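Taken together, the values in this text are just the output of simple stated rules run on the coordinates, not laboratory data. Nothing here was measured: the structure is a model prediction, and the numbers come from that model. Note that each Cβ is placed from the backbone with ideal geometry, even for glycine, and that neighbours are counted across all protein chains shown.
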Amino acid sequence: MSFGTVSVNHDLFAHHLHARAKRKKVAKKTLAMGLMLTPMVDMFSLLVIFLLQFFSSSPDMLITQGVVLPKAVSGLEVQQVPVVSLTLTEVYLERKKLATIDEVIKSPGILGEALAAVRKDWMKVHKNEKFLGQVNLEAHEEIKSTIISQFMAILAAQHYGSIQLLSYGDAS
Amino acid sequence: MGVSVDSSGGKGRKSLNSELNLVSFVDLLSVCICFLLMTAVWLQVGALQVKQSFGTEGEDKPGYDLNIAFISPTEVNVEIRSKGKIVQKTQIKETTKEAFSLALGKNLDETIAKLKGTQQIAIPDLIVAAMITPTPSANYGNMVSVMDSLRKRQIINIGVVPKAG
């Protein structure tokens, strides 16, 4: 090829251009890596599903307001049975207020009759099954131990002999 | 929008290809994870089983009975009985709850080892029942702490003596 009075070797010029481009490519070292979004999204999805499944609180195990449970590490799984709750002053059966603690201690029949009604309803529904007498007792840790023992005796008198004392433990 | 539709189809036709906008999806997942971590329940509710009998006494079973009587929140009398007779009686008295728990645990371990001797017997068959006698000065938390110590050592048949106060 000729340009004006200068003749240019086409092959040599093309080789020069190619070498220059290659030098530029080598000189520019890429320092930043692209973010791999696919495995990151996979990991986030798994994390969300894991957290939803294992750490959600069950609505059945909501503790009555005003009750601070004691701590124990050897607690077993809680059964879905009637719940008797004792705050510092009041007594609840299945989340419904019954009376104050002093009133129940003076006349245990208040709690006794309510428990008998619950037992009767259970036996109507489960006609061919044996009544196991299971009950959950949820009590504030500051209540006197003698008061708890009296309530346990009231429960036992109403054939609720298998008492589960609810407590806080570390999540396993 | 989370999806962008490629509209580069020829002759006025809409392309069926679409690109998912991952940035907003990753934002949503991050917010979900942060929310779940903040509201996670790290403490779980457990149950300590107590068998409370009412009425006639149970039949005599071979093995020992353990009675723990509270004197104060950090002081108890520990009795081991066999067929109604006292075999061993000790008193544990400490100033703090933590020291009391440690001392009670140590006493129970020593008692179990002494009663077991060289016998190959399971602890629920060795100590068949444990009764706790409360006192007005000890609260429910103290009682549960003692029950927890018993259950940790496989003494599972626990009862509470009804006592006014």
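Averaged over peptide B:146-155, the number of partner chain Cβ atoms lying within 10 Å of each residue's Cβ comes to 3.
For the range A:36-116, which GluC sites (Glu not before Pro) pass both filters: DSSP loop (anything but H, G, I, E, B) and at most 15 other C-beta atoms within 10 Å?
Hits after loop and neighbour filter: A:Glu77, A:Glu94.
Set the bar at 19 Å for Cα to Cα. Now go through A:Lys144/B:Lys163; A:Lys71/B:Lys152; B:Lys51/B:Lys106; A:Lys97/B:Lys51 and name every pair that lies beyond it. Exceeds cut-off: B:Lys51/B:Lys106; A:Lys97/B:Lys51.
Treat the count of other C-beta atoms within 10 Å as a stand-in for reagent exposure and order A:Asp11, B:Asp109 from fewest to most.
Ordered by Cβ neighbours within 10 Å, fewest first: A:Asp11, B:Asp109.
Here the label points at A:Trp122 and B:Thr90, each 7 Å from Cα along the C-beta direction, are separated by 3.9 nm in the simple model. Give the shape of the range B:43-165 as rounded, prolate or oblate, defined through the alpha-carbon gyration tensor: a ≥ b ≥ c are the square roots of its eigenvalues, a/c under 1.5 means rounded, and otherwise the shape is prolate if a/b is larger than b/c and oblate if not. Because its axes are fairly even, with a/c under 1.5, the range B:43-165 counts as rounded.
The B:Ala164 and B:Thr118 beta-carbon pair, evaluated with R₀ = 45 Å, returns a calculated FRET efficiency of approximately 0.55.
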